[in-house]
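Visitor: Take this structure, written in structure tokens, and hold onto it; I'll ask about it next.
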Amino acid sequence: MNVIKQLQIKFVYSMILIEMIVFAVILLSLNFAITRREVNEAKDFLVYLSNNNGHRPRPKPYHDDKRGGSFPPAEFLNDIDATSSASREHPEDFFHNFSDFFRVEHATESNLRNYFSVKILSNGAIVEVIQDFPLNYTDNEIRNLVNGILDDGKISGSVRGVLYYIRELNNSYKLICMVNRNSELKTLNKLYIYSSMLYLLSIIVSVLISIPISKYMIRPAKEAFIKQKQFIADASHELKTPIAVIGANIDVLEGEIKNNKWLEYIKTENKRMGELVKDLLYLAKNDSGRNELTFCDFDFSNAVENSVLPFEVVAFEAGKTLEFDIQKGITCYGDEKSLKQVFIILVDNALKNSEEGAKITVRSYAEGQKIFYKVHNTGAGIQKDELEKIFLRFYRSDSSRARKTGGYGLGLAIARAIAQDHNGSLTADSEFGKWAEFTLAIPRKK
């Protein structure tokens, strides 16, 4: 069922990744648009101030030519008890006296209040501070701001949260228009914080939603996978009986027909078929979680010796050298029978995939809370792009030697499955044309 779990995990990761990208694009675009608009409005306002000598100009009285009168209308003036007869005769003067109550603000200046302008000489000396309302800055603070702006050396920019724009009035004077954006920056910072919190919340929600959806989406694949593995297990189990019957009949015929090469061919292929069915049955049971492993404490060092020592004769007959470096007294918690199968598979694999005169070294040692079993052999080695492929079922790195070495390419797949059953790992490393090494690492204790 590891394949189903991996499929579900990949599905969840894919959904979360897509949602993260979508939310990130939306929130970043929104924050960028708001920030850019706020900055552009402030810049437009500074240009607006510079074109009006540092002031925000007051609107002129409105004259309604269609009515033939002036603004404000007489009806409005009649409602004001304090209005004098002189004001009735000169309504434009009355309007100027109350202009602050009738101002029509510019579109780009409505939210900008803390602004001022400074007229300076070419040498940086302040000539005049232009303001439309009392400032929150002292003379010393204004002097420091002007010095910072001049040191910045730009026509426009930002210094300590104050956005500025410089306009050349003539050869002797410069006008620096400034607006304090610290309040806006604090608001934008809060916006960024809330956006980040919303982003994290969306990721958490997406994880909670993706898990049940992934289970629903992969249900058909899970059912098909279970049926396939069940079929392989059942078929492998059913094939064991006819293979055993064929083997028994071959033994009977050998007693009656001596030295028959055709019978030897049948016996050899029947044996190979029996091994293939056995391997397929193991993998099928492992995939469906039906392998019965007996975990207990056992002597790991002794198990390695008993598994590997019989290969000394095989190596000698093949013209190869088999060496051992086994640390004594290592105990392990696991299934001894299945781990011995791994030891045998790796040594057998090294003998089959090395040339005459090769050196095979078996090492076993404990380091920290892990136990390592390494099989190193000189020879052709394995190409880098095949270091993971060789653990695939039925994969052969050199198909031309399939008949010569025997097997079906299931040994390493079984060995890795056993390693994973022990919460361990089986990896391969190699320098092509020189050597190859397989490393089994499993926990020492439960």
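Visitor: Considering only residues that are under 18 Å from residue 187 (Cα atoms) and open to solvent by 70 Å² or more (accessible area, probe 1.4 Å), which ones fall in region 1-33? Reasoning before the result, please.
Guide: Step one: of region 1-33, the residues under 18 Å from residue 187 (Cα atoms) are 27-33.
Scanning region 1-33 gives 28, 30, 32.
Visitor: What residue, among those in region 367-387 that are at negative phi and touching a Gly at 6+ places or on another chain (Cβ under 9 Å), is least open to solvent (accessible area, probe 1.4 Å)? Outline the logic, then answer.
Guide: So the first thing to find is which residues in region 367-387 are at negative phi, and the list is 367, 369-378, 380, 382-387.
Checking which are touching a Gly at 6+ places or on another chain (Cβ under 9 Å) leaves us with 370-371, 378, 380.
Working: 370: 104, 371: 1, 378: 49, 380: 47 Å².
Among those residues, the one meeting the criterion is 371.
Visitor: Now for a different question. Looking at region 131-151, which of its residues are part of a helix (DSSP H, G or I), under 21 Å from residue 185 (Cα atoms) and either open to solvent by 60 Å² or more (accessible area, probe 1.4 Å) or in contact with a Cys (Cβ under 8 Å, 6 or more places away or on another chain) (or both)? Full working, then the answer.
Guide: Just the residues of region 131-151 that are part of a helix (DSSP H, G or I), to begin with: 139-151.
Now narrow it down to the ones that are under 21 Å from residue 185 (Cα atoms): 141-142, 144-146, 148-149.
Correct list: 141, 144.
Visitor: Further, regarding this structure: Could you list all residues from region 256-314 that are surrounded by fewer than 14 Cβ atoms within 10 Å (Cβ to Cβ), assigned to a helix (DSSP H, G or I) and in contact (Cβ under 8 Å) with a residue 60 or more places away in the chain?
Guide: 272
Visitor: For residue 153, indicate whether it is over 30 Å from residue 18 (Cα atoms) and out of contact with any strand residue (DSSP E or B) (no Cβ under 9 Å at 6 or more places or on another chain). Give the derivation first.
Guide: Numbers: over 30 Å from residue 18 (Cα atoms): yes; out of contact with any strand residue (DSSP E or B) (no Cβ under 9 Å at 6 or more places or on another chain): yes.
The answer is yes for residue 153.
Quick grid of which residues meet (1) touching a Phe, Trp or Tyr at 6+ places or on another chain (Cβ under 9 Å); (2) at pLDDT below 90; (3) in a loop (DSSP other than H, G, I, E, B):
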site	(1), (2), (3)
328	no, no, yes
340	no, no, no
361	yes, no, no
366	yes, no, no
377	yes, no, no
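Visitor: Just for region 210-228: of the residues that are in contact (Cβ under 8 Å) with a residue 12 or more places away in the chain, of a type in the set (A, V, I, L, M) and open to solvent by less than 90 Å² (accessible area, probe 1.4 Å), which one is farthest from residue 23 (Cα to Cα)?
Guide: Here is the first cut: in region 210-228, the residues in contact (Cβ under 8 Å) with a residue 12 or more places away in the chain are 210-211, 213-215, 217-218, 221-222, 225-226.
Now drop any that are not of a type in the set (A, V, I, L, M), which leaves 211, 213, 217-218, 221, 226.
Imposing the further condition that a residue be open to solvent by less than 90 Å² (accessible area, probe 1.4 Å) reduces the set to 211, 213, 218, 221, 226.
Details: 211: 19, 213: 19, 218: 25, 221: 30, 226: 37 Å.
Here the residue is 226.
Visitor: So which helices (runs of 4 or more DSSP H) are wholly in region 1-97 and hold at least 2 residues that are of a type in the set (A, V, I, L, M), modelled with pLDDT under 50 and more than 23 Å from residue 203 (Cβ to Cβ)?
Guide: By residue number, 74-78.
Visitor: How many residues, within region 343-357, are in a helix (DSSP H, G or I) and open to solvent by less than 40 Å² (accessible area, probe 1.4 Å)? Working first, answer last.
Guide: Taking region 343-357 first, the residues in a helix (DSSP H, G or I) are 343-352.
Among the residues that remain, those that are also open to solvent by less than 40 Å² (accessible area, probe 1.4 Å) are: 343, 345-347, 349-351.
Number satisfying all stated conditions: 7.
The values are calculated or read from the model by the stated rules, or taken from the named source; none is laboratory data. Note that this is a predicted model, so its numbers are computed, not measured. Ideal geometry is used to build each Cβ from the backbone, glycine not excepted, and the neighbour counts take in all protein chains shown. Ligands, DNA and RNA are stripped out before the accessible areas are found, and what is left, the full protein with its side chains, is counted by its heavy atoms. Shrake-Rupley method; radii C 1.70, N 1.55, O 1.52, S 1.80 Å.
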